[in-house]
Amino acid sequence: MSESLTPHNERECQVPLVSLVNEAYGEILGHNKGKLGSLITGMMRAVMAAEKAEAAGNSNFDENFQNNLSEQSERREMEADVQYLRYSDALADAGVRLVNGGGSMAIISGPKDIAIGSGSLYPVVLGSSEEDANKFIDYVSELRPDDDIQLVADVLETTRQTIYSGCKSLYGDDIIDDKKKIYDLIGKEVEKFIRIDQAADSINLAEFLPRRYEEFKKAAAKRSGDSQKYFAKDWLEIYRREDAAETYRRLEKYVGHYVQNVLPEYLFLGDADREGLKDWSYIDGGIAEVAVWNTDRVMRVVKASRSSEAVGYALRYASNFRGGMESALKDLLGRPEEDRPVCQLPGAEDLRTYDSVLKECIDRLNNMENNLKFNDIVADFDQQ
């Protein structure tokens with residue numbers, strides 16, 4: 001452990017030195033980079049140990065494999081704990097907490113969604129902690145264009161995942177007692193992104209992140225001598241930089257939909273105005289299942305009635321989606337009956353024609369809208 005990273009009980013300044021924080025996070029990235037190789041090696045060791053135990057007559061292969069894999073996972077977690085203890089103080093000065101896991105950073109919906117055992121460490125700045133958020137904003141405001149911004153990029157990604165998991169949980173199958181509290185936490189995460197973006201005005205993340213990706217890709221192509229091929233060691237960095245630029249673009253969209261009070265609906269249903277909802281240029285094998293699935297989701301949003309804006313968004317989605325189903329239904333009904341495809345919906349025993357499924361979904365959406373109009377008429381009458 002370098003002397004510069006030794007934890008201090010007293011800090012000479014409130015704003016953490018950018019070089020100190022970036023050095024600490026560089027060590028974390030080095031730890032994470034070694035986890036992929038150790039994960040593969042660990043699995044190979046688990047397989048060999050299981051085969052050896054089975055040959056010796058000790059239980060079956062599956063049981064031995066699971067036991068050995070569990071040991072490898074525990075070892076990776078212990079290594080992550082060591083890294084956490086070494087560098088957490090330096091990163092905490094910038095408001096950054098380290099989470100041991102992979103996949104969804106479910107800070108809002110709970111730790112059960114975090115895939116423990118990968119041994120990788122991820123940076124999280126809690127929007128719900130004003131102190132942490134302020135510290136990170138101070139750190140970002142000190143950054144300059146020639147500084148390493150990987151920590152910022154990774155915090156933006158865990159922010160995006162937190163917002164995404166929180167929004168999806170509002171329409172999930174699990175019962176949630178206080179949805180308003182979750183939405184308030186989502187709002188704090190969105191606000192945190194806006195503040196980070198503003199604090200990085202000297203960098204201009206909207207332009208810098210895509211340029212950072214393109215410049216590295218060009219340099220990688222020059223190293224390989226082929227604009228379409230790259231050395232293996234460059235691929236990971238190319239993907240990482242591309243993902244960082246895409247994360248920023250997604251967060252910008254999140255902000256736009258949050259301002260309209262339809263962010264959970266946008267993430268649950270998808271873009272209500274995307275062209276693919278209206279234009280069903282071809283009918284493939286999964287069209288019936290998609291029709292039922294989307295219809296169910298629209299009706300779930302309308303039934304929840306989170307806000308008038310949320311219901312309006314779902315109705316706009318339904319209108320465009322219904323247009324696509326109507327055009328597909330017209331196509332199907334124009335075919336001879338013997339040429340109309342059939343399907344078996346999940347959980348059903350009988351086969352059904354695609355056209356009967358589409359017609360049923362269209363009728364369900366029409367009935368839903370008619371009921372809403374009737375309820376509005378009744379409400380207006382009651383107010384008179």
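If you take the residues of region 269-292 that are at pLDDT below 90 and of a type in the set (A, V, I, L, M), which of them is surrounded by the fewest Cβ atoms within 10 Å (Cβ to Cβ)?
The qualifying residue surrounded by the fewest Cβ atoms within 10 Å (Cβ to Cβ) is Val290.
Would you call Arg195 surrounded by fewer than 19 Cβ atoms within 10 Å (Cβ to Cβ), in contact (Cβ under 8 Å) with a residue 24 or more places away in the chain and over 30 Å from Arg297 (Cα atoms)?
Judged against the criteria, Arg195 is a match.
Under 9 Å by Cβ, and 6 or more places apart or on different chains, what pairs join a residue from region 247-262 that is more than 17 Å from Gly166 (Cβ to Cβ) with one that is at pLDDT below 95 and of a type in the set (Asp, Glu)?
Pairs found: none.
Return the residues of region 118-141 that are farther than 23 Å from Ile203 by Cα and among the acidic types (Asp, Glu); say none if nothing qualifies.
Of everything in region 118-141, those that are farther than 23 Å from Ile203 by Cα and among the acidic types (Asp, Glu) turn out to be Glu130, Glu131.
Residues in region 179-187: is at least one in a loop (DSSP other than H, G, I, E, B), among the hydroxyl-bearing types (Ser, Thr, Tyr) and in contact (Cβ under 8 Å) with a residue 12 or more places away in the chain?
Checked region 179-187: no residue is in a loop (DSSP other than H, G, I, E, B), among the hydroxyl-bearing types (Ser, Thr, Tyr) and in contact (Cβ under 8 Å) with a residue 12 or more places away in the chain.
Can you tell me which residue in region 328-365 is surrounded by the fewest Cβ atoms within 10 Å (Cβ to Cβ), limited to those that are at pLDDT below 90 and of a type in the set (S, T, N, Q)?
Top of the filtered list is Gln344.
Counting only residues that are crowded, with 20+ Cβ neighbours inside 10 Å and of a type in the set (A, V, I, L, M, F, W, C), which one in region 309-327 is farthest from the chain's Cα centre (by Cα)? Spell out the reasoning first.
Start the filter on region 309-327 by keeping residues that are crowded, with 20+ Cβ neighbours inside 10 Å, which leaves 310, 313-314, 317-318, 321-322, 324-325.
Applying the additional criterion that residues be of a type in the set (A, V, I, L, M, F, W, C) yields 310, 314, 318, 321, 325.
Numbers: Ala310: 21, Ala314: 21, Ala318: 24, Phe321: 24, Met325: 29 Å.
Here the residue is Met325.
The values are calculated or read from the model by the stated rules, or taken from the named source; none is laboratory data. For clarity, every value in this text was computed on a predicted model and none was experimentally measured. Quick reminder, even Gly has a Cβ in these numbers, built from the backbone with ideal geometry, and neighbours come from all protein chains shown.
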